[in-house]
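Below is one structure; the comments refer to it alone.
The values are calculated or read from the model by the stated rules, or taken from the named source; none is laboratory data. Predicted model, so just to flag it, every value in this text is computed and none were measured. Every residue, glycine as well, gets a Cβ built from its backbone with ideal geometry; the counts of neighbours run over all protein chains shown.
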Amino acid sequence: MLKTNSKKYLANMEKYLLSQINGTDYGTTTDTPTQKINFVFDCFESEFECDYAKRRTPNQQERFAEWLSGLPSCISLPCYYYEIIELAKELQEVDNYTEKETDRICANYFNFMSYHLHKLRDRIYARELADLVIETDSKVLTIK
């Protein structure tokens, strides 16, 4: 059983989440991880980010989880308990869970996915920033 903060689990989660994002129904190109994550967050902002939602639920991660629980068409996530448990087994590389673990996984599912999508967005942006190498050569900045 992989812990949910292990590198292998996080790699499994990133691969899974990126594979579930598809913008073809929206007429959007989603080929790169950056395009995919931007597409999901743009859909969230256009569909769910309003003043009322921000006042009702000030925490963006919780608002995002609530939006995910409405099963948006831009990302294909399981919604039935059996499918959620099978996904958890696949990601954690485990065969069975206890009943208590099963209940905990299902109760926290959308909050957990929201957390990982936010974390994935931050990780992708950090990679992009790391790729921007700024070299100073006689007061000229070059961005590669």
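Considering every residue within region 19-31, establish whether at least one is under 18 Å from residue 124 (Cα atoms), assigned to a helix (DSSP H, G or I) and touching a residue at least 12 places away in the same chain (Cβ under 8 Å). Scanning region 19-31, I find no residue that is under 18 Å from residue 124 (Cα atoms), assigned to a helix (DSSP H, G or I) and touching a residue at least 12 places away in the same chain (Cβ under 8 Å), so the answer is no.
For the condition over 30 Å from residue 97 (Cβ atoms) and touching a helix residue (DSSP H, G or I) at 6+ places or on another chain (Cβ under 8 Å), what is the one hit in 26, 52?
26
Of the listed requirements (1) in a helix (DSSP H, G or I); (2) in contact (Cβ under 8 Å) with a residue 40 or more places away in the chain; (3) among the β-branched types (Val, Ile, Thr), residue 94 misses just one: (1).
When residue 1 is tested against (1) crowded, with 18+ Cβ neighbours inside 10 Å; (2) at pLDDT below 95; (3) of a type outside the set (Phe, Trp, Tyr), exactly one condition is not met: (1). Within region 1-12, residues that are charged (D, E, K, R) sit with their Cβ atoms under 8 Å from residues that are assigned to a helix (DSSP H, G or I) and surrounded by 12 or more Cβ atoms within 10 Å (Cβ to Cβ), at 6+ positions apart or across chains, in these pairs: 3/9.
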